[in-house]
Amino acid sequence: MTARVDVPRPVLEWAQKRGRRAQETMRRRFRDWDRWLAGEARPTVNQAQDLATFTHVPFGMLMLPEPPVERLPIPDFRSGPEASREPSQELLETVYLAQSRQAWFEEYLAQVGGEPVESSGSAVGKPVGETAGLISAALGYRPEDRSTLRDASAARKYLVQAFEGLGGLVSVSSMVGNDTHRPLDREEFRGKVPCREVVRSGRC
């Protein structure tokens, strides 16, 4: 007897939305998709596993009685239409990966006896303008410094090297992990603060 899984319709629709898959795409991938939604059929365990992989959601979440409420574990300063949009799986996975790297970096610095970063925490409670000045000074990124950089690529390279020179960790990517089929949405990723103040590790 084939083992089947009870996946409620709201969870099926949540997985589809979370994976950013069109209805027709789901129908092409799963011939019984409409019957699953109508409650006329249930996916087999293998089909449920395929569904989880195809929509990039953890398999266990398909077993929930209702869709989970997922929130970003970091501050979100987006404005406009993107501000009310639920975080995509790509965004969540990228944030979790960044946090994992930060935790590793903190542990590594603790093991090698890393020194506290002098500028870390110096902007807490200060006005925006003053904070911007402190950051520019710490990175050596004043107007006279910026005038020597020929384009945006050179500016980014300069800032990355400057931040690493302060003892910080920089991670740059345009995709989820190493998956070239899952590019990051620039509009969704703007306005985030993926770092937190940890004086010992040199994170912001």
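Read the figures in this text as sums done on the coordinates, not as results from a lab. Given the structure is predicted, the values throughout are model-derived calculations rather than measurements. Cβ coordinates were reconstructed from backbone atoms using ideal geometry, including for glycine residues, and neighbour counts include every protein chain displayed.
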| request: On each of the three principal axes of the Cα atoms of the range 81-189, give max minus min coordinate, whole Å, ordered largest first. | output: 39, 38, 30
| remark: the range 81-189: relative contact order from alpha carbon pairs under 8 Å, six or more residues apart, as a whole percent, is 37 percent
| query | Angle between the Cα long axis of helix 9-18 and the longest principal axis of the chain, 0 to 90 degrees, nearest 10? | reply | 40 degrees
| Ordered by residue, what ³J(HN,Hα) values in Hz, to whole numbers, does the range 41-56 give under the Karplus form 6.51 cos²θ - 1.76 cosθ + 1.60, where θ = phi - 60° and Gly and Pro are x? | 8, 10, x, 6, 4, 5, 5, 5, 5, 5, 4, 4, 5, 5, 9, 6
| remark: Non-local residues with an amide H under 5 Å from the amide H of VAL176, with H modelled 1.01 Å from N and Pro and chain starts lacking one, are ARG182, LEU184
| task | Kindly provide the GluC sites (Glu not before Pro) of the range 1-58 that DSSP labels as loop, not H, G, I, E or B, and whose Cβ sees at most 16 other Cβ atoms within 10 Å. | result | GLU40
| task | Kindly provide log₁₀ I(q)/I(0) values, in the same order as q = 0.10, 0.13, 0.19 Å⁻¹, from the Debye equation applied to equal alpha-carbon scatterers of the chain. | result | -0.60, -0.87, -1.40
| request: Please name which of PRO8, ALA137, PRO58 has its Cα lying farthest along the dipole of the chain towards the positive end, using unit charges on Cβ (Lys, Arg +1; Asp, Glu -1) and the Cα centre as origin. | output: PRO8
| said: Taking loop as defined by DSSP and a crowding limit of 16 other beta carbons within 10 Å, which GluC sites (Glu not before Pro) in the range 86-179 fit? | reply: GLU118
| remark: Among chymotrypsin sites (Phe, Trp or Tyr not before Pro) in the range 43-94, those in a DSSP loop whose Cβ has at most 10 other Cβ atoms within 10 Å are PHE77
| query | Considering every Cα-Cα pair within the range 9-63, what fraction, in whole percent, is farther apart than 18 Å? | reply | 16 percent
